[in-house]
Amino acid sequence: MNNSQMYPFQRNRYYAGKLLTSADFQAEQDYFNNKSRFMNQLMYGSGIICGLGIISLDDLSVLVESGAAIDGLGREIILDSSAVKKLSAIEGFDQTTSDEISLCIKYSEEMANSVYAVNRGQSGNEYEYSRISENCQLFVIDKATADRRYDMETEFLSTGTLYADEDFQVNISIPSTVCKGRAVKMIVEVNKLTDAPNRLTVHGTIQVPGFLTANDTQEIPLEIESVALDKGEKLVSEYWMTTQKSEEDSTTLILKSGTAQAFVNDAATSIDAGFKLKVLLSDIKPRELVNREIGRLSLEMRGMGGYEEFIKLADITLIRTAGAYVIEKIEEGSVKKYIGAPSQSILRGDYLDYFYKEGDVKKPAATQSASLAVKDTSNRSYKGPEIASGIIEIPLGENARKGDLRFSGEIVHGLGKGNVYVQVGFEAIAEDPSLGANAKSTIYGNVDLFRQNKSEAPLVDTAVKVLNDKGSFVVAAKLLENVDYLVLTFRWVAIKFPAGNELGIDMDYTGKSIIPETPTVVLDVRQSHFFGVRFENMESCSLMYELTEEGSGEITTDGVYTAPNKEGVYEIRIYCTDMPVICAYAYAIVKKQIVPEVEEQLKEKGSVLDEISI
């Protein structure tokens, strides 16, 4: 049965008097076979369940151990006894052309048990096979053919190209969505595209806002030194880091300005200085994230990837001579793909106990850097600002005139003694056309900027005197024009900020500071740069970034600055979210860069003009 379409499922319906033919019984078998294979395909995938080891007996022969596997169509492949095979006698060997071949196994069916068939009228057609034997078949093909497969694209990874030419391509990959407070792996992959004997060197620094590396920084230096690969080969480097906990839902990995260098055979070449890679941030756990991504694949999407009808057992390297061969090497370790059967879970746990202690984080070791745990500060007792509000009425009396000064009585704000900030705003009532009625509003600051006519709100200058030792305040109002009001109504808002140890942080600020990794950076217009910081005498914490003036570009809350379209010097303030008093400043010098080719042309024109002037 080689049909890859196993659904929709349709089973026999029996009723009294139904005439059953061979097609009905075949449909009965197909229904249960397809159901079983469909579940094998979805629940287990394809691979080796047990056994099927390959042992070299001599220069010409191999031993294939007994075992079981499931192919891409969910069919069980069972080799019930070990088999000794001469390599040249295995199917497909005569068709191989290279020195690297692959030994594979596939599902097969054979007709068995010939019996006399009743009611056969034609001579010589009296017998039929009454059984189908489910077997397996060994075969060999060229390794390049066995490795040729269609890998369905997945949205799990975000991949960006850092460098590309006709010979090399350097890609950076990271999960499209990462989990806050958890370790995550970034991969840098160098791919060789041609047979040209070239060597590639790439230097640069990837800035990773929203993450922390093992060195407690937000930068990953890339050092790809003189890499020489054959066509189709790749060099993979892994970098582990930890996602910080923040309120943001995304961040962007960028190439640090001024650090990118690329050389092919020691000759400098261009590199994409504007490399960016967006990553989403999520509060869900890694297992939930992975389950969600895998479960999103529909049956149509799974089918697009194709189904392998064979299982690869080993790659074999040969030494061929005229009409003969010798087995040089057999590689199984990186070839075999195993299925984790539930029945093996207990034994698997026993074996893993030799590698992990209780409480260890079970994750692959990083080849470039290790993950760093983030200290959870969510349970810190942080005392925020206290706020109080109320209404003040200041009587004016009759015939109040411009320049008159009036005072409120002493008002207790209720926030206790200490430094309290108080702001007052005029309570105005005016007709709102959208509501079709009068609406109340509060105007803080210059009333004249909002009033449509003189009767809507009077021009009044106000001041507040806060009595820190008494926990109260007094409001003064000076008329800037003649008014007909008898009473001025103000809304007051009082704010008391915590100070000293009231911040709820069990530490003082002595010697603690943050220092920008790059205090001053020179950028082209619309170019981006990440302002990473170094923590001095303190643990790393979440940071906030802000621009100190309008029109000075854009900056995300995780520190990725984008220069404006105009030249100038712009200031960026960086401070700790929980401790705003700890802050630092960085500066971006923005000026339009001249492209090297254009600069060379200008030099040539300049020299020509000099000759003409002479």
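The values are calculated or read from the model by the stated rules, or taken from the named source; none is laboratory data. This structure is a prediction, so every number in the text was calculated from the model and none was measured. Here the Cβ is made from the backbone with ideal geometry for all residues, glycine too, and neighbour counts use every protein chain on show.
What to note about this one:
- Test for TYR325: is it assigned to a helix (DSSP H, G or I) and modelled with pLDDT of 75 or more: no
- Residue in the range 269-278 that is of a type in the set (A, V, I, L, M, F, W, C), at pLDDT 80 or above and under 19 Å from the mean Cα position of the chain (by Cα) present: yes
- In the range 508-530, the residues that are on the phi > 0 side of the Ramachandran plot and either outside any loop (DSSP other than H, G, I, E, B) or within 28 Å of the chain's Cα centre (by Cα) (or both): ARG526
- One residue alone among ALA164, ALA214 is at negative phi and modelled with pLDDT under 90, and that residue is ALA214.
- Cβ-Cβ contacts under 7 Å between residues 6 or more apart (or on different chains), taken from a first residue in the range 335-354 that is in contact (Cβ under 8 Å) with a residue 24 or more places away in the chain to a second residue that is in a loop (DSSP other than H, G, I, E, B) and surrounded by 12 or more Cβ atoms within 10 Å (Cβ to Cβ), are listed as ILE339/TYR44; ILE339/GLY45.
- Candidates SER56, SER66, filtered to the one that is touching an Asp or Glu at 6+ places or on another chain (Cβ under 7 Å) and under 30 Å from ILE90 (Cα atoms): SER66
- Residue among SER130, SER66 that is at pLDDT 90 or above and small (Gly, Ala, Ser): SER66
- Residues in the range 531-551 that are assigned to a strand (DSSP E or B) and aliphatic (A, V, I, L, M): VAL533, LEU543, MET544, LEU547.
- Qualifying residue in the range 311-318 (condition: touching a Phe, Trp or Tyr at 6+ places or on another chain (Cβ under 7 Å), assigned to a strand (DSSP E or B) and modelled with pLDDT of 75 or more): yes
- Taken over the range 458-487, the criterion of being in a strand (DSSP E or B) and exposed (fewer than 14 other Cβ atoms within 10 Å of the Cβ) is satisfied by ASP461, ALA463, LYS465, VAL487.
- In this entry, GLU223 passes the filter for residues that are at pLDDT 85 or above and either out of contact with any Leu (no Cβ under 7 Å at 6 or more places or on another chain) or assigned to a strand (DSSP E or B) (or both).
- All positions within the range 156-166 that are farther than 18 Å from ALA260 by Cβ, in contact (Cβ under 8 Å) with a residue 40 or more places away in the chain and not hydroxyl-bearing (Ser, Thr, Tyr): PHE156
- Residue within the range 110-127 that is of a type outside the set (Val, Ile, Thr), in contact (Cβ under 8 Å) with a residue 40 or more places away in the chain and surrounded by fewer than 16 Cβ atoms within 10 Å (Cβ to Cβ) present: no
- Residues in the range 499-516 that are buried (at least 16 other Cβ atoms within 10 Å of the Cβ) and modelled with pLDDT of 85 or more: LYS512, ILE514, PRO516.
- Count of the range 219-244 residues which are in contact with a Ser or Thr (Cβ under 7 Å, 6 or more places away or on another chain) and closer than 20 Å to THR556 by Cβ: 5
- The range 59-107, residues that are loosely packed, with under 15 Cβ neighbours inside 10 Å and of a type in the set (Ser, Thr, Tyr): SER66, SER81, SER82, SER88, THR97, SER98
- Residue ID - surrounded by the fewest Cβ atoms within 10 Å (Cβ to Cβ), chosen from residues in the range 196-239 that are out of contact with any strand residue (DSSP E or B) (no Cβ under 9 Å at 6 or more places or on another chain) and closer than 19 Å to PHE263 by Cα: PRO197
- The range 524-565, subset charged (D, E, K, R) and surrounded by 13 or more Cβ atoms within 10 Å (Cβ to Cβ), residue farthest from LEU255 (Cα to Cα): ARG534
- Checked against the criteria, ALA400 does not count as surrounded by 10 or more Cβ atoms within 10 Å (Cβ to Cβ), at pLDDT 75 or above and out of contact with any strand residue (DSSP E or B) (no Cβ under 8 Å at 6 or more places or on another chain).
- Here ASP272 fulfils each of the conditions (1) closer than 30 Å to ASP167 by Cα; (2) assigned to a strand (DSSP E or B); (3) not polar (S, T, N, Q) apart from (2).
- Scope the range 240-253; condition in a strand (DSSP E or B) and crowded, with 20+ Cβ neighbours inside 10 Å; matching residues: TRP240, MET241, THR242, THR243, THR251, LEU253
- Among (1) out of contact with any Lys or Arg (no Cβ under 8 Å at 6 or more places or on another chain); (2) free of Cβ contacts under 8 Å to residues at least 40 places away in the same chain; (3) of a type outside the set (Lys, Arg) - the single one GLN261 does not satisfy: (2)
- Any hit, the range 474-485, residues being among the hydroxyl-bearing types (Ser, Thr, Tyr), over 30 Å from CYS541 (Cα atoms) and modelled with pLDDT of 85 or more: no
- Answer residue from the range 566-578, given it is in a loop (DSSP other than H, G, I, E, B) and within 22 Å of THR251 (Cβ to Cβ) and is modelled with the highest pLDDT among those: THR577
- Residues that are within 36 Å of the chain's Cα centre (by Cα) and at negative phi number at least 3 in the following strands (runs of 3 or more DSSP E) confined to the range 34-91: 47-51.
- Test: residue in the range 142-155 that is surrounded by fewer than 20 Cβ atoms within 10 Å (Cβ to Cβ) and either modelled with pLDDT of 90 or more or closer than 29 Å to ILE514 by Cβ (or both): yes
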